[in-house]
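Down below is the structure, laid out as structure tokens.
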Amino acid sequence: MKVIIAEKPSVARDIAKVFGATTKKDGYIEGKGFTFTWAFGHLLQLAAPQEYGYYGWSVQHLPMLPPKFKLSIRKVKTKDGVVDDPSVKKQLDTIQKLFDEASEIIVATDAGREGELIFRYIYYYLKCKKPFKRLWISSQTDEAIKEGFRNLKPGSDYDTLFNSAHCRSQSDWLVGMNATQALSLSSGIRGAVLSLGRVQTPTLAMICSRYLENKNFVPETFYQVSIHPDKDGQVFKAISAENYKTKEEAQAVLDQVQDVDGGFPQGGHILQVEAKPRKEPPPLLHDLSSLQQEANKRKGFTADQTLNILQNLYENKLVTYPRTGSRYIGDDVFAGVPALIEKLEQHPLFGKQATALGSATLNKRSVNAKKVTDHHAVLTTGENPHQLSADQQAVYDMVAGRMLEAFHQDCIKEVTKIVVQSGAKFNASGTVIHTAGWRSVFNDKEDDKKDEENATLPKVTQGENLPITAKALLEKQTKPRPLYNEATLLKALETAGKEIDDEELRYAMKDSGLGTPATRASIIETLIKRNYIIREKKNLVPTTTGIAVYEVVKNQQIAQAELTGNWEKRLEEIRSGASVTDFQNEIKTYTRAITSELLAQGKSLKIPAAQTTGVKA
DNA sequence: GCAAGGTC
């Protein structure tokens, strides 16, 4: 008998369905000579320090460098402390029984580094010796699954992938556990937990450095002049092309404006008119991060809330797999899109849009099989939702609405720029939407609209002279970059802090971002739990503890996003066959260095004991 | 008491 093991129940069900296996057992599905079982993500983790004999937190143990790592069952917190998760234990027993009976194992965990690790940790923990083959597919449609089974790979083809995954896991443990204990112990605060890690610390650093930049920003005053030219009763606003440092300069420009009150009936000379049509393509489909950002902007949901709501919708089969990092779908999935859109015709908000889209040519911007990684973009499933809570409905609508947008036509607008001469030069700009296209779905205002922009501009021609009915001197101040909120932080994590607005360019940097779609919400929650940051309205603001930790580590490698970038590069080399021990030795060297540095530097930490978490009474 | 990774 062959056993197929998937990363999660939903995938096992999808595969079993293709085989026509329908007998549901406890923890697996049976039929047609196969059994289909599953994990729930990582069932096993690297054992905690005490399991190597490092009892309690002690400087004498540092750095902790276990000669051989052990695996232990995933833990869960109960009132009696931290224990093996009973549901995980039970599933492992089931898997063990099935592996014992198996002639061959087919590995169907997600097609990626962590998916490989999830299986291998189980396989080695259970001391299984059975041969295994690898199913490698990036979409769960029937055809993709069948094709994948025709193309099963030898399990050993993925040994180097496992090596890179294993290195990632061990390195995070070594650096995180040691750095955390080193800083906590050297802080001198009894029971303090000052955690550090490859992902959480650069994230904290980003929040702190932006906060300090914002707080220390010295606004500069500058001046502008505005005029109101009048075209046959239609008045628009134009702003001086230059900003002025002093009020006097601006006043001089203002005085030279040839307005009606100053005795100039037609003192505004149209120097230039430029009207350009612009096509604005629809946004890509949602991945988890973009959905979390939108839900934060629209509804103020935290990243964690959005993930929980989505997981719930997923478990109720209303949306596809949520923890995806892809904003694309393959052609096979695209083939099913018209039917999904038709289903949305019942939707109270988008029904009309869905109907209209049903008879139009669909935009294929979000269709690109090469950009589908372990999972495709989030879609609705075609199941009809009922009895959703307001929050569930809101998130569901964001998924459904984005689908309609993504497959909609471009928005066609005309961007007009007018240059008016009246003493000095003045600019006016305005945007007129000709064909709303995808923008008709939500009918939102553009988020990047500047406050000086005119909604519509009158038709004027070059050489024309217009009366200027008003003029004013404007006093303005330069503004600092805003504090991070969850939406802007999530976006920044995708590109490891580099500011890239272009959607597609940002996408290309996916592999060098901080954290993964599945973990970013929990990174934010960890920083909050440690009392490093707090939510203040929508903003994420560091506490004195957070700032103090940042001050100690800000120049260290562990606070730089580049650390992840460097690791990823090395892990990728390992995947293509480079030495594992070289990397492991470098990590050990780094662990020793960071540990001793933190033991020395932690003494300079100044935090009131009450502001650290985990303080024992 | 501690990492980052996955998922019910």
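Can you pull out every residue in the stretch A:122-142 that is open to solvent by 10 Å² or more (accessible area, probe 1.4 Å) and outside any loop (DSSP other than H, G, I, E, B)?
Across the stretch A:122-142, the qualifying residues are A:Y123, A:Y124, A:Y125, A:F132, A:K133, A:D142.
Being within 16 Å of DNA strand B (Cβ to nearest atom) and part of a helix (DSSP H, G or I): is that true of A:E114 here?
Working: within 16 Å of DNA strand B (Cβ to nearest atom): yes; part of a helix (DSSP H, G or I): yes.
Against the criterion (within 16 Å of DNA strand B (Cβ to nearest atom) and part of a helix (DSSP H, G or I)), A:E114 qualifies.
Just one of the numbered conditions (1) part of a helix (DSSP H, G or I); (2) open to solvent by 10 Å² or more (accessible area, probe 1.4 Å) is not true of A:A354; which one?
(2)
Every residue in the stretch A:530-571 that is within 14 Å of DNA strand B (Cβ to nearest atom), under 22 Å from the mean Cα position of the chain (by Cα), part of a helix (DSSP H, G or I) and more than 20 Å from A:R592 (Cα to Cα), please.
A:G565, A:E568, A:L571
If I filter the stretch A:1-20 down to residues being charged (D, E, K, R) and within 14 Å of DNA strand B (Cβ to nearest atom), which single residue comes out as surrounded by the most Cβ atoms within 10 Å (Cβ to Cβ)? Show your work before the answer.
Let us first name the residues in the stretch A:1-20 that are charged (D, E, K, R), namely A:2, A:7-8, A:13-14, A:17.
Those still in the list that are within 14 Å of DNA strand B (Cβ to nearest atom) too: A:7-8, A:13-14.
Working: A:E7: 23, A:K8: 16, A:R13: 16, A:D14: 17.
Going through the qualifying residues, I end up with A:E7.
Please go through the stretch A:329-360 and pick out each residue that is polar (S, T, N, Q) and touching a residue at least 40 places away in the same chain (Cβ under 8 Å). Talk me through it step by step, then tell me what you get.
Let us first name the residues in the stretch A:329-360 that are polar (S, T, N, Q), namely A:346, A:353, A:355, A:359.
Passing the criteria: only A:Q353.
Tell me whether the stretch A:427-434 contains one or more residues that are open to solvent by less than 20 Å² (accessible area, probe 1.4 Å), part of a strand (DSSP E or B) and either at pLDDT 90 or above or touching a Ser or Thr at 6+ places or on another chain (Cβ under 7 Å) (or both).
There is at least one residue in the stretch A:427-434 that is open to solvent by less than 20 Å² (accessible area, probe 1.4 Å), part of a strand (DSSP E or B) and either at pLDDT 90 or above or touching a Ser or Thr at 6+ places or on another chain (Cβ under 7 Å) (or both).
Just one of the numbered conditions (1) open to solvent by 60 Å² or more (accessible area, probe 1.4 Å); (2) of a type in the set (G, A, S); (3) over 30 Å from A:T141 (Cβ atoms) is not true of A:S103; which one?
(3)
Keeping to the stretch A:258-286, report how many residues are closer than 19 Å to A:F426 by Cβ, outside any strand (DSSP E or B) and in contact (Cβ under 8 Å) with a residue 60 or more places away in the chain.
Going through the stretch A:258-286 one residue at a time, the tally reaches 7.
As an exercise: evaluate A:A102 against (1) out of contact with any helix residue (DSSP H, G or I) (no Cβ under 8 Å at 6 or more places or on another chain); (2) within 15 Å of DNA strand B (Cβ to nearest atom); (3) among the hydrophobic types (A, V, I, L, M, F, W, C) and give the number of the one condition it does not meet.
So A:A102 meets the others, but not (2).
Cβ contacts < 7 Å: first residue touching a residue at least 24 places away in the same chain (Cβ under 8 Å) and of a type in the set (F, W, Y), restricted to the stretch A:45-66; second residue open to solvent by less than 50 Å² (accessible area, probe 1.4 Å) and within 6 Å of DNA strand B (Cβ to nearest atom), any location; separation 6+ or different chain. Result?
Sorted first by the residue in the stretch A:45-66, then by its partner, the pairs are A:W57/A:Q181; A:W57/A:S184.
State whether one or more residues within the stretch A:79-92 are surrounded by fewer than 16 Cβ atoms within 10 Å (Cβ to Cβ), more than 9 Å from DNA strand B (Cβ to nearest atom), over 25 Å from A:K127 (Cα atoms) and outside the structural domain of A:H375 (by TED's automatic domain parsing). Walk me through it before giving the result.
Taking the stretch A:79-92 as the starting set, the residues that turn out to be surrounded by fewer than 16 Cβ atoms within 10 Å (Cβ to Cβ) are A:79-84, A:86-87, A:89-90.
Checking the rest, the ones that are also more than 9 Å from DNA strand B (Cβ to nearest atom) come to A:79-80, A:83-84, A:86, A:89-90.
Retained after the next criterion (residues that are over 25 Å from A:K127 (Cα atoms)): A:79-80.
From the residues that got through so far, the ones that are outside the structural domain of A:H375 (by TED's automatic domain parsing) too are A:79-80.
Scanning the stretch A:79-92, I find at least one residue that is surrounded by fewer than 16 Cβ atoms within 10 Å (Cβ to Cβ), more than 9 Å from DNA strand B (Cβ to nearest atom), over 25 Å from A:K127 (Cα atoms) and outside the structural domain of A:H375 (by TED's automatic domain parsing), so the answer is yes.
Testing A:Q96 on (1) away from DNA strand B (no atom under 13 Å from the Cβ); (2) over 24 Å from A:T381 (Cβ atoms); (3) not in a helix (DSSP H, G or I); (4) not small (G, A, S), one condition comes back false. Which one is that?
Going through (1) away from DNA strand B (no atom under 13 Å from the Cβ); (2) over 24 Å from A:T381 (Cβ atoms); (3) not in a helix (DSSP H, G or I); (4) not small (G, A, S) one by one, A:Q96 breaks only (3).
A quick yes/no check of all residues on (1) open to solvent by 60 Å² or more (accessible area, probe 1.4 Å); (2) away from DNA strand B (no atom under 14 Å from the Cβ); (3) in contact with a Leu (Cβ under 9 Å, 6 or more places away or on another chain); (4) of a type in the set (V, I, T):
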position	(1), (2), (3), (4)
A:T22	yes, yes, no, yes
A:K25	yes, yes, no, no
A:G31	no, yes, no, no
A:F34	no, yes, no, no
A:G41	no, no, no, no
A:Q45	yes, no, yes, no
A:A48	no, no, no, no
A:G56	no, no, no, no
A:M64	no, no, yes, no
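Are any residues in the stretch A:1-27 assigned to a strand (DSSP E or B) and farther than 25 Å from A:V319 by Cβ, and if so, which ones? Show your work before the answer.
Quick first cut of the stretch A:1-27, residues assigned to a strand (DSSP E or B) only: A:2-6, A:23-25.
Hits for the stretch A:1-27 are A:K2, A:V3, A:T23, A:K25.
The values are calculated or read from the model by the stated rules, or taken from the named source; none is laboratory data. All values derive from a computational prediction rather than experimental measurement. Note that we place each Cβ from the backbone using ideal geometry, even for glycine, and neighbour counts take in every protein chain shown. Protein only, heavy atoms only, side chains kept; ligands, DNA and RNA dropped before computing areas. Shrake-Rupley method; radii C 1.70, N 1.55, O 1.52, S 1.80 Å.
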